[in-house]
Number of protein chains: 2
Amino acid sequence: MAAKSRKPDDEALIRALIDDVTNAIRAKDAGGVAKHHADDFVHFSLAPPLRAAADPKALDAWFATWRGTISYETRDLSIVAGNDVAFCHSLNHMSGVMTDGEQTDLWFRLTLGLRKVGGAWKIVHEHESVPFYMDGSMKAATDLKP
Amino acid sequence: MAAKSRKPDDEALIRALIDDVTNAIRAKDAGGVAKHHADDFVHFSLAPPLRAAADPKALDAWFATWRGTISYETRDLSIVAGNDVAFCHSLNHMSGVMTDGEQTDLWFRLTLGLRKVGGAWKIVHEHESVPFYMDGSMKAATDLKP
């Protein structure tokens with residue numbers, strides 16, 4: 001892990017960025033998430049389409065489907081940081097109650113690609129997913145746990 | 001895209017690595033894929049579990065479920081390369097005939113995290129997925145096209 005040990009400051013900065021995004025998601029603050037995205041942010045989201053640009057309005061609309069705050073945690077975060085390019089991956093857990101009363105409880109995989117822009121780390125790319133069962137059902141594997 | 005324009009050689013090296021992996025997949029050569037993986041490779045695959053280590057035997061077994069060669073192409077590849085850390089993302093298309101005669105034709109999202117190890121780029125992390133329909137069916141969105 002040479003790249004990691006050489007860059008403790010950048011790793012700490014990225015960890016702080018992720019903590020800030022986590023708190024913004026818990027508080028359903030779309031602007032607090034979007035401010036960490038680069039202008040050319042590319043999103044591979046849990047929901048279709050295959051690829052999307054940054055869309056704070058869509059994030060706001062999605063936050064509005066949750067009743068109260070969202071419970072959100074990051075596990076097994078691995079950060080690989082160079083001088084001005086970095087990526088990280090983790091297993092993330094999101095749970096809470098939707099406005100229709102349904103309980104959501106989901107573990108998913110998260111990968112971030114980051115670039116230092118004007119001295120600050122920005123998220124250029126985000127990829128969130130669950131795998132799917134290749135057994136004929138083709139269902140999303142929303143019941144997995146780490 | 002400062003990081004990209006400063007590193008044309010590294011971007012070309014990563015592009016060549018991806019071409020080599022592509023050819024290995026088309027030829028169903030598990031060793032030809034695995035040689036590009038770092039020792040601590042972490043895989044977020046299309047199929048469960050959430051996370052896996054490198055497993056050339058599992059890749060070999062999966063290749064054996066295809067009849068003949070696999071048709072495989074990469075579209076909209078974006079590479080962000082620093083001195084020793086890089087990531088890239090693309091939309092990938094895989095098609096062919098399985099041994100049971102079933103036709104497979106799938107577009108998925110691919111994100112790679114890379115690190116330079118001993119002067120050579122290695123894939124440290126790979127994340128492949130399709131999104132899923134959040135409409136109650138919870139089906140994997142295997143019918144999307146870019």
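Projecting the Cα positions of A:83, A:53, A:25 onto the charge dipole of the protein assembly as shown (unit charges on Cβ atoms of Lys, Arg, Asp and Glu, taken about the Cα centre) puts A:83 furthest along the positive direction. Rounded to the nearest 20 debye, the dipole magnitude of the stretch B:8-68 is 440 debye, with +1 charges on Lys and Arg beta carbons, -1 on Asp and Glu beta carbons, and the Cα centre as origin.
Place a +1 charge on the Cβ of each Lys and Arg in the protein assembly as shown and a -1 charge on the Cβ of each Asp and Glu, then give the dipole magnitude about the Cα centre in debye, rounded to the nearest 20. All intermediate terms of the calculation are to be shown ahead of the outcome.
Numbers: 34 positive and 40 negative charges, 105 e Å.
In debye, rounded to 20, the protein assembly as shown gives about 500.
Put +1 on the Cβ of each Lys and Arg and -1 on the Cβ of each Asp and Glu in the stretch B:2-129; which of B:64, B:104, B:117 then has its Cα farthest toward the positive end of the dipole? Ranked along the dipole, the leading option is B:117.
Can you tell me the order of B:33-45, A:88-100 when each peptide is scored by its average per-residue count of other Cβ atoms within 10 angstrom, highest first?
Ranking, from highest mean packing down: B:33-45, A:88-100.
So, in Å, what gap is there between the alpha-carbon centers of the stretch B:47-77 and the stretch A:79-146? Cα centroid to Cα centroid, the span is 21 Å.
Each copy carries a label point for residue A:137 at 7 Å from Cα toward Cβ; from one copy, the others' points are 1.6 nm away, ordered from shortest.
If R0 equals 51 Å, the separation of the Cβ atoms of residue B:102 and residue A:58 corresponds to a calculated FRET efficiency of about 0.90. Pairs from the list B:116/B:145; A:28/B:122; A:145/B:57 with a Cα-Cα gap above 31 Å: B:116/B:145; A:28/B:122. Would you mind classifying the stretch A:91-146 by shape? Square roots of the alpha carbon gyration tensor eigenvalues, ordered a ≥ b ≥ c; an a/c under 1.5 is rounded, otherwise it is prolate if a/b is larger than b/c and oblate if not. Verdict is oblate for the stretch A:91-146.
Computed from point charges on the beta carbon alone (+1 for Lys and Arg, -1 for Asp and Glu), the dipole magnitude for the stretch B:1-125 about its Cα centre is near 280 Debye. For the stretch B:66-121, a/c is not less than 1.5, where a ≥ b ≥ c are the root eigenvalues of the C-alpha gyration tensor, and a/b tops b/c. That puts it in the prolate class. Relative to the longest principal axis of the C-alpha atoms of chain B, give the angle of the C-alpha long axis of helix B:8-26, reported between 0 and 90° and rounded to the nearest 10°. So the inclination is approximately 30 degrees. Compactness ratio for the stretch B:2-129: Cα radius of gyration over 2.2 N^0.38 Å (N = residue count) comes to 1.06. Under the rule a/c < 1.5 gives rounded, and otherwise a/b versus b/c splits prolate from oblate, where does the protein assembly as shown land using the Cα gyration tensor? Judged from the Cα gyration tensor, the protein assembly as shown comes out oblate (a/c at least 1.5, b/c at or above a/b). With contacts taken as Cα pairs under 8 Å at a separation of at least 6 residues, the stretch A:76-131 carries a relative contact order of 28 percent. Here the label points at residue A:135 and residue B:23, each 7 Å from Cα along the C-beta direction, are separated by 3.9 nm in the simple model.
Any read-out appearing in this document is the output of simple, stated calculations on the displayed coordinates, not a laboratory observation. Here the structure is a predicted model, which is why all the values come from computation and not from measurement. Note that each Cβ is placed from the backbone with ideal geometry, even for glycine, and that neighbours are counted across all protein chains shown.
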